[in-house]
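*Asks:* Here you go, one structure.
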Amino acid sequence: MSEKVTLSVNGHEVRVAAGANLIDALEAVGIDIPHFCYHPALGADGNCRMCLVEIEDGRPPIVPACKTPAAEGMKVVLESEKIKKIQRDILEMELINHPVDCPVCDQAGECTLQDYYMKFDLGDSRMDVAQVKKDKRLDFGGGVVHDQERCVLCGRCVRFTRQITKTGELGIVNRADQARVAIFPGKPLNNRYALNVVELCPVGAMTSRDFRFKQRVWFLKKTPGVCHGCATGCSITIDHHREKYKDARIYRYRARHNPLINGYFICDDGRLSYHLENENRLETPLVKGVPVTPTEALDAVRTHLGQAKYPLVVVSPDCSLEQLYAAQMFCLEHGAKVSGYSAAAIVAGDGDDYLIKDDKAANRPSLNLLGIDTSREYLREALGHADLVITLNNDPFTDGADADLSEMMKGITTIACATHHCEFFDNADIVLPIASYSEYAGSVINSDGVLQRFGRAVVKNRPVPELLELLHALGGPVADMGAAWAGMRTAVAPLGAVDPDKIGEHGMRLEGL
Amino acid sequence: MTISPVSILSARFDVEDAHLLAVAREQGAYATLDTLFDMTPDDVTEEVKNSGLRGRGGAGFPAGIKWSFLPKDTGKPVYLTVNADESEPATFKDRYIIVRDPHLLIEGIIICCYAIGCHDAYIYIRGEYTSQYEILRSAVEEAYAAGYLGESVAGHDFSLQLTIHRGAGAYICGEETALLESIEGKKGQPRSKPPFPAVVGLYGCPTIINNVQTIASLPYILANGAAAYRAYGTEKSPGTHLFGISGHVERPGMYELPLGLPLLGVIDEVAGGVWRGRGLKAVIPGGSSTPVLTAEEAATVTLDYESMAAHKTMFGSGGIVVLDETVDMVRVVENLIQFYHHESCGQCTPCREGLGWMEKLVRKLLAGEGSHADIDLLLELCDNIEMKTVCVLSAACTMPVRSYLVKFRHEFEACVTEHSAAAQPAQNLEAAP
């Protein structure tokens, strides 16, 4: 553990990490110091002046908290009249040339400027001279639309492109109140993390073309989730909402801070992957292409299962750990073989040295952990004498290289338990729609061996079953999450000591994988 | 007592072609170098400390003490950066040194670098100094050619590279940390302090930043000793200073004077008094950022750091502006704020947004659309902006502006009253059939 120091805040003693700046140090003990420009991932810049605090007997007596390390015996004053006045004054300065177009601004409701105004200021405008006019609706590329008038020039976005992506597309040009964030002419944002600037922006200056004007943020329910876009498994917040008379849908993903995995950021592909949860979803069970009721579909599956001599289950590396375990137990129960082969999820060369991985599956390490065979040979051999294939959301044959496997499938009865339409699923003999990852709770293990749990975010008006429930309904022995964990803790050594209810918001690194 | 200029720094100013090495050397340039290399660097620093030489950039911090803030044995190079970004309105002293005696500056740089152990020095010269840059450049080239700069300075075991870096027209780059950013190729914006440049300066290394005139004062001190330098000036403000006297005087110009002389005496006897026989209204004592002195205050102040502080202003850069009785102080303030607003780097919120607001408020007053509340608001904004920022540019605006608002408030009030009077006939017109 890092060294601690004792300092006083408004006369009360607190113990905080030595050397951390006052914003971080005091945040850890629940004391917020207002700030615009400081961000823990981007460091202190000291330009907004909102975090000015008083240090009793300090020289100088007023310092920016973001630039001031916590030191033993320091007497910090946040509540003095002097500091409150400074906060009001800074907010007045931020606001004099601000358009105050909150009613049409996407940031309203989660805007630092708006929140601080309500918390610290509430003063009337004294600005009765002409405002500075700047440009609006600037297309910065990468799906980012910039409004220079709303901007508070904190420079977080600029620092992000310099320090994190190291692409440096953004800069602040001009001086004084003509200063503005800009791109170089003809050089738009061109990196795979660009939309993080929207999230970093404390005000509504950086908006996402994808999200702007779609939904007021105060309607959005925020559920912690895990991105299933690739093997990194970034922590995300799923913002979703059910509008009156409509079905629940997801409006955006945001990065959720996780020091074990993604820090404060996520990639744009992952951020926009929520569209896949909303679109092209399977909703109705089909038997031979004909819509049927869920009961009829299940009965049809039971009949096939009862008749099959050599059933084969193909699981997806995107299924949750609990689902995979339930599938494994289902196979034991029914004497079925189980394969986890899935080449289609690997996009060679797509990954980078930051967050994006070649492997687009969220939970491949769980296959190995549970001992599910992922080799092509095993699947090919099993297909050789299978008389029934049940695919659990695995579409392994889209890749041209697997044409031989597709060929082998012809003539074998196929049952597709699937989330989305695709040619393979749609042409299966029986199609059973199942819930996708935003609609169930579960766990995944990322490529770094970090186990994360996530909750159920979206509840549809007509929910389709979660895979674990479905497998149980088809005679699988695992009744629910609790039973899955009880079984796994006994059978799978690295999970033996894991209490699923104590995994925590950042997940945990599994030992002995 | 008769007041007349002295020639310590300016000894070669009136020598024709003294910017050329041959002429300057004939007149004694670089004569101190042999003495210099016989001394230890610490002896040099000690001599400068003893001379009491204070930084001539405006702040007046003792130069020798500043040098001693350099951390020892960091394993990093030490840099000297000479601040020739002379951009403070009414200030033109460094320009005289650069144009008339650049070798004095180079000699001073050698002395300073030897004292602080620097082998890489920079001169940061403001972009607008174009012809001045050419003179300085050829002087540096001559100094290299003659061996005063380079691998072995004047044949001694001491190497010194000197680079001239040109600014691009930003006042803020005269702020020492913005200057460092600019040399590093970044946007000229001041850095938060601490750390101070003596510890983390140019390229992250220990750095001394001194004004041109400070450095140019070193050869005299080394040649004649600290005591000789102290023979001029006062106990706490020793030495001489180049005073650029401009504005409404009969003989504006550059005058080298010992510190401690009475301001009015200097205006009358050196600069020929207020022009056209007019009365004196006010004096800007040391560049535009120093609070203004009324004629009454000007009568008691002397040209040194202590007297200026006692009169709640600053010695500043020695750029004295004399304002006669006809000057409209509201226009002066408009001019001042316009300058600082334009030159605000835009980094810190209060300065970035506030100075523009203040400028518009003054314009509103001048347009006859202002109110008494606007005058109070201007005063309040001075308080709200000042010292809330990374650097002191905002204070360089608000301190003088406040002084005009307080000392000449009646002129601002008049803008409001005249407007009310002007508005009266309009109402009558409306009432007329």
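The values are calculated or read from the model by the stated rules, or taken from the named source; none is laboratory data. Just so it is clear, the structure is predicted and the values come from calculations on it, not from any experiment. Glycine also receives a Cβ, built like all others from the backbone with ideal geometry; neighbour counts cover every protein chain displayed.
*Asks:* Of the residues B:Gly150, B:Gly204, only one is in contact with a Phe, Trp or Tyr (Cβ under 7 Å, 6 or more places away or on another chain), modelled with pLDDT of 95 or more and either surrounded by fewer than 19 Cβ atoms within 10 Å (Cβ to Cβ) or farther than 21 Å from B:Ser288 by Cβ (or both); which?
*Replies:* When all the criteria are applied, what remains is B:Gly150.
*Asks:* Considering only residues that are assigned to a strand (DSSP E or B) and of a type in the set (Ser, Thr, Tyr), look in region A:218-241 and name the one that is farthest from A:Arg509 (Cα to Cα).
*Replies:* Among residues in region A:218-241 that are assigned to a strand (DSSP E or B) and of a type in the set (Ser, Thr, Tyr), the one farthest from A:Arg509 (Cα to Cα) is A:Thr223.
*Asks:* Just to be sure before I move on: is B:Ala115 over 30 Å from B:Pro285 (Cα atoms), among the small types (Gly, Ala, Ser) and buried (at least 20 other Cβ atoms within 10 Å of the Cβ) in the structure I sent?
*Replies:* So B:Ala115 fits the description; yes.
*Asks:* Which condition number in (1) aliphatic (A, V, I, L, M); (2) within 30 Å of B:Gly188 (Cα to Cα); (3) in contact (Cβ under 8 Å) with a residue 24 or more places away in the chain is the one that A:Ile236 fails?
*Replies:* (2)
*Asks:* Tell me yes or no: at least one residue of region A:275-292 is assigned to a helix (DSSP H, G or I), of a type in the set (Gly, Ala, Ser) and within 22 Å of A:Glu423 (Cα to Cα).
*Replies:* Within region A:275-292, none of the residues are assigned to a helix (DSSP H, G or I), of a type in the set (Gly, Ala, Ser) and within 22 Å of A:Glu423 (Cα to Cα).
*Asks:* Which of the residues that make up region A:401-432 are in contact with a Lys or Arg (Cβ under 7 Å, 6 or more places away or on another chain) and within 23 Å of A:Val347 (Cβ to Cβ)?
*Replies:* Matches in region A:401-432: A:Leu405, A:Thr419, A:His420.
*Asks:* Okay, moving on. From the list B:Ile215, B:Ile172, which one is within 30 Å of B:Glu269 (Cα to Cα), surrounded by 15 or more Cβ atoms within 10 Å (Cβ to Cβ) and in the same structural domain as B:Leu70 (by TED's automatic domain parsing)?
*Replies:* Checking each option against the conditions leaves just B:Ile215.
*Asks:* Might you let me know whether region A:108-122 holds any residue that is without any contact (Cβ under 8 Å) to a residue 12 or more places away in the chain, more than 14 Å from chain B (Cβ to nearest Cβ), of a type in the set (A, V, I, L, M, F, W, C) and closer than 22 Å to A:Ala65 by Cα?
*Replies:* Yes: one or more hits.
*Asks:* Looking only at region A:125-155, filter to residues that are outside any loop (DSSP other than H, G, I, E, B) and either within 14 Å of chain B (Cβ to nearest Cβ) or of a type in the set (Val, Ile, Thr) (or both); which one of those is surrounded by the most Cβ atoms within 10 Å (Cβ to Cβ)?
*Replies:* By that ranking, first place goes to A:Val144.
*Asks:* I need the full set of residues from region A:65-81 which are surrounded by fewer than 13 Cβ atoms within 10 Å (Cβ to Cβ) and in a helix (DSSP H, G or I), in order please.
*Replies:* Once the filter is applied, which keeps residues that are surrounded by fewer than 13 Cβ atoms within 10 Å (Cβ to Cβ) and in a helix (DSSP H, G or I), region A:65-81 yields only A:Glu81.
*Asks:* If we scan region B:284-295, do we find a residue that is surrounded by fewer than 24 Cβ atoms within 10 Å (Cβ to Cβ), assigned to a helix (DSSP H, G or I) and either more than 14 Å from every other protein chain (Cβ to nearest Cβ) or in contact with a Leu (Cβ under 7 Å, 6 or more places away or on another chain) (or both)?
*Replies:* yes
*Asks:* Something else: Checking the structure you have, find out if any residue of region B:305-321 is among the β-branched types (Val, Ile, Thr), in a strand (DSSP E or B) and in contact with a helix residue (DSSP H, G or I) (Cβ under 7 Å, 6 or more places away or on another chain).
*Replies:* no
*Asks:* What helices (runs of 4 or more DSSP H), lying completely within region B:1-115, carry at least 3 residues that are charged (D, E, K, R) and not assigned by TED's automatic domain parsing to the domain that holds B:Gly286?
*Replies:* The helices (runs of 4 or more DSSP H) meeting that bar are B:41-51, B:93-100.
*Asks:* Within 14 Å of chain A (Cβ to nearest Cβ) and either surrounded by 23 or more Cβ atoms within 10 Å (Cβ to Cβ) or touching a helix residue (DSSP H, G or I) at 6+ places or on another chain (Cβ under 9 Å) (or both): which single residue out of B:Arg166, B:Arg191 fits that description?
*Replies:* B:Arg191
*Asks:* Another question, if that's okay. Checking the conditions here, which among A:Gly30, A:Gly19 is surrounded by fewer than 20 Cβ atoms within 10 Å (Cβ to Cβ), assigned to a loop (DSSP other than H, G, I, E, B) and over 30 Å from the mean Cα position of the chain (by Cα)?
*Replies:* When all the criteria are applied, what remains is A:Gly19.
*Asks:* Please pick out the residue among B:Met329, B:Met399, B:Met387 that is modelled with pLDDT under 95 and over 20 Å from A:Arg126 (Cβ atoms).
*Replies:* B:Met387
*Asks:* Further question: It is to be established whether one or more residues within region A:108-123 are more than 21 Å from A:Gln215 (Cα to Cα), at pLDDT 95 or above, surrounded by fewer than 16 Cβ atoms within 10 Å (Cβ to Cβ) and in contact with a Ser or Thr (Cβ under 9 Å, 6 or more places away or on another chain).
*Replies:* No, region A:108-123 has no match at all.
*Asks:* Taking B:Ala309 as meeting all but one of (1) surrounded by fewer than 17 Cβ atoms within 10 Å (Cβ to Cβ); (2) more than 20 Å from the chain's Cα centre (by Cα); (3) not assigned by TED's automatic domain parsing to the domain that holds B:Asp94, write down the number of the exception.
*Replies:* (2)
*Asks:* Right, something else. For the list (1) among the aliphatic types (A, V, I, L, M); (2) farther than 29 Å from A:Thr161 by Cβ; (3) in contact with a His (Cβ under 6 Å, 6 or more places away or on another chain), I need the number of the one condition that A:Ala300 fails.
*Replies:* (3)
*Asks:* Here is a further query. If you scan region B:359-392, which residues turn out to be under 19 Å from B:Pro190 (Cα atoms) and more than 10 Å from every other protein chain (Cβ to nearest Cβ)?
*Replies:* Across region B:359-392, the qualifying residues are B:Glu386, B:Cys391, B:Val392.
*Asks:* A further question on this structure: Given (1) part of a strand (DSSP E or B); (2) among the hydrophobic types (A, V, I, L, M, F, W, C); (3) without any contact (Cβ under 8 Å) to a residue 12 or more places away in the chain, where does B:Val200 come up short, assuming only one miss?
*Replies:* Tallying (1) part of a strand (DSSP E or B); (2) among the hydrophobic types (A, V, I, L, M, F, W, C); (3) without any contact (Cβ under 8 Å) to a residue 12 or more places away in the chain, B:Val200 fails exactly one: (1).
*Asks:* Could you list, in sequence order, the residues of region B:112-159 that are touching a Pro at 6+ places or on another chain (Cβ under 8 Å) and among the aliphatic types (A, V, I, L, M)?
*Replies:* B:Ala115, B:Ile116, B:Ile135, B:Leu136, B:Ala139, B:Val140
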